[in-house]
Amino acid sequence: MNIKTAYSTNKAPNGVAAEIKDQLEMNGVKAMLFFASSQYDADAVSAAMQSQYGDIPTFGCTTAGEIVSGKMLDNSVVGMAFNGRIIEDMKIAVLKNISENVKDAVDEAFKSFEAYYNTKMADMDFRKYVGIILIDGLAGAEEQIMDQIGDKSNVMFIGGSAGDDVQFVKTHVFAEGKAYSNAAVLVLIKAATAFDFIKTQSFQNLNKVLVATKVDAAKREVLAFDGRPAVEAYADAVGTSVDAIDEYFMSNPVGLMTGDEPYVRSPQRVEGSGIVFYCNVLEGMELSLLQSGDIVGDTRRALDDKLKTFGPVSGIINFHCILRTLELKNKSLTADYGLAFKDVPTVGFSTYGEEFLGHINQTSTMLVFK
Amino acid sequence: MAGQIKRMLDEIIRQRAKGDHTLTQTTKTKLILKGFNPDKYTALSEDSPEVIKKIRAVAAEMGIRI
């Protein structure tokens, strides 16, 4: 096997790291990715994991729930080790102080990648290189960072926003033995094998369009749809009263459509007559009202389709929205969701947002290695 | 005048994708996520100076001369 996965619920950082390492023994490990519940001390678990792996780079983040082959977990650490048949080379960059200084941080990271690989980011072959982004889920910097990355390179960066078990207090990203808050970890991988992506969400387009006519982009707030207070327009679209709209937020988010593909924007809360979203909505954007569907069934179909077109896979990293996890928990379907990944080495976590070309919600973005 | 916005967006996609189908789609999606949907503009779309200025800024950030 070129990718191995493991998990542990040992409560002690040193113990959990040792148990993960024991399960991931293989020759020629090139990198170790791990996702840890925020129940663990972030500094201690990152240091413990790196201590187990010596000079082999480790990276990861805190979660709002963990995913490993066949299971959805809570209060655990999950890990994935890669050997040289998957990762030819890799370089980690940490972006600090991202709530204030995105452009310089991305520029600095990209310069380090260019120096390491001796290739300009703009010239890197998007079929040979792939990026992973793990980002503080409470800094509100995802859109700006993904914008900067997308402007400067054709290399795809896929990832998720770190969680803290739905406490919304503090999240961490991990790199090479340290833990960081208000930060992002970018990992640029030169792949030794083919890779591909899955982006899946479970929604039907209801063909009702809401145009954001007044927004406060910095606050991720829509003040008006179609020239009307956002709460009234949304209430009319879903067919309810303004007082009851928050009951519809999870089942009826809106999607920025690219063809038939929604880039989901999930409403978070009502603020006066506006609606605050979990990701940015820009003025003039046409958003389609969506209706939630069958997460487990759609995930199985997306996996089956990928296996048919891409062939057998060595492993999957799944960045899975916490809102999907909460819906699965409400419907007692977490075991079924986990089982969808029982035949493929998989790690993942419940995120505070998913990154795939931009920042999105209520989606699973997955990196798939052949 | 009309059609400049459509031409600018198409040119960004052309220069960035260099004919590659995957890059054509990803560049188009990046533009949509920035609020500029190439499919919403045609050769008859009015030349809004405000939108044109924003698209020039996007092109500059992408390192594209239009």
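What is the angle, in °, between the Cα long axis of helix A:295-310 and the longest principal axis of the Cα atoms in chain A? Nearest 10 is fine, range 0 to 90.
Tilt of helix A:295-310: around 50 degrees.
Counting only helical runs of four or more DSSP H residues, what would the 222 nm mean residue ellipticity of chain A come to if each run contributes -39,500 (n - 2.57) and the total is spread over all its residues?
Details: 8 runs with 90 residues, N = 370.
Per the formula, -7500 deg cm²/dmol.
Quantify how strongly other chains surround peptide B:20-33 by giving the mean number of their Cβ atoms within 10 Å of each of its Cβ atoms. Mind showing how you got there, number by number?
Details: counts 3, 0, 4, 2, 0, 4, 7, 3, 3, 9, 9, 2, 9, 16.
Per residue, the number of nearby Cβ atoms from other chains is 5 on average.
Please label the shape of chain A as rounded, prolate or oblate, based on the square roots a ≥ b ≥ c of the eigenvalues of the alpha-carbon gyration tensor (a/c under 1.5 means rounded; beyond that, a/b larger than b/c means prolate, else oblate).
Numbers: a/c = 1.67, a/b = 1.49, b/c = 1.12.
Here chain A falls in the prolate category.
Enter the angle in degrees (range 0 to 90, nearest 10) between the Cα long axis of helix A:13-23 and the first principal axis of the Cα atoms of chain A, meaning the one along which they spread out most.
Approximately 70 degrees, to the nearest 10.
In chain A, what percentage of the DSSP-assigned beta bridges are antiparallel, given to the nearest 5?
85 percent
Which aspartates and glutamates does A:K96 reach when only Cα atoms under 14 Å apart count, and residues fewer than 8 places away in its own chain are ignored?
A:D104, A:D107, A:E108, A:D136, A:E142
So how do A:230-238, A:280-288, A:109-117 stack up, highest first, on mean other-Cβ count within 10 Å? Kindly include the intermediate steps, with their values, before the conclusion.
Details: A:230-238: 20.9, A:280-288: 19.2, A:109-117: 17.1.
So the peptides A:230-238, A:280-288, A:109-117, ranked by packing, come out A:230-238, A:280-288, A:109-117.
Express the carbon and sulfur contribution to the solvent-accessible surface of the protein assembly as shown as a percent, rounded to the nearest whole number, probe 1.4 angstrom.
Details: 8200 of 17700 Å².
Carbon and sulfur: 46 percent of the exposed surface of the protein assembly as shown.
Hey, got the average number of other protein chain Cβ atoms within 10 angstrom for residues in A:256-264?
Mean partner shielding for this stretch: 3.
When the Cα centres of the stretch A:179-203 and the stretch A:271-311 are compared, how far apart do they sit, in Å?
About 18 Å separates the Cα centre of the stretch A:179-203 from the one of the stretch A:271-311.
Under 8 Å for C-alpha pairs, at least 6 residues apart: give me the relative contact order for the stretch A:51-152, rounded to a whole percent. Could the numbers behind the result be given before it?
Details: 52 pairs, mean separation 23.0, N = 102.
Across the stretch A:51-152, relative contact order equals 23 percent.
With the solvent-accessible surface defined on protein heavy atoms using a 1.4 Å probe, which residues belonging to the stretch A:338-369 display a reduction of at least 40 Å² in accessible area in the multichain context relative to the isolated chain?
With the partner chains in place, the stretch A:338-369 has these residues losing at least 40 Å²: A:L357.
Just want the answer: with Cβ charges of +1 for Lys and Arg and -1 for Asp and Glu, which residue in A:A48, A:I86, A:L73 is farthest toward the dipole's positive end in the stretch A:15-97?
After comparing all options, I get A:I86.
Taking the mean number of other Cβ atoms within 10 Å as a proxy for protection, how do you rank A:141-149, A:168-176, A:94-102 from highest to lowest?
Numbers: A:141-149: 22.9, A:168-176: 21.2, A:94-102: 17.2.
Final packing ranking: A:141-149, A:168-176, A:94-102.
Taking only Cα atoms, what is the 0 to 90° angle, nearest 10, from helix B:49-61's long axis to the longest principal axis of chain B?
The angle comes out near 20 degrees.
In whole angstrom, how far apart do the alpha carbon centroids of the stretch A:339-370 and the stretch B:4-58 sit?
For the stretch A:339-370 versus the stretch B:4-58, the Cα centre distance is 29 Å.
The values are calculated or read from the model by the stated rules, or taken from the named source; none is laboratory data. Keep in mind it's a predicted model, so treat the numbers as computed, not measured. Neighbour counts are summed over all protein chains in view; Cβ atoms, including those assigned to glycine, are modelled from backbone coordinates with ideal geometry. Heavy atoms of the whole protein, side chains included, go into the accessibility calculation; ligands, DNA and RNA do not. Shrake-Rupley method; radii C 1.70, N 1.55, O 1.52, S 1.80 Å.
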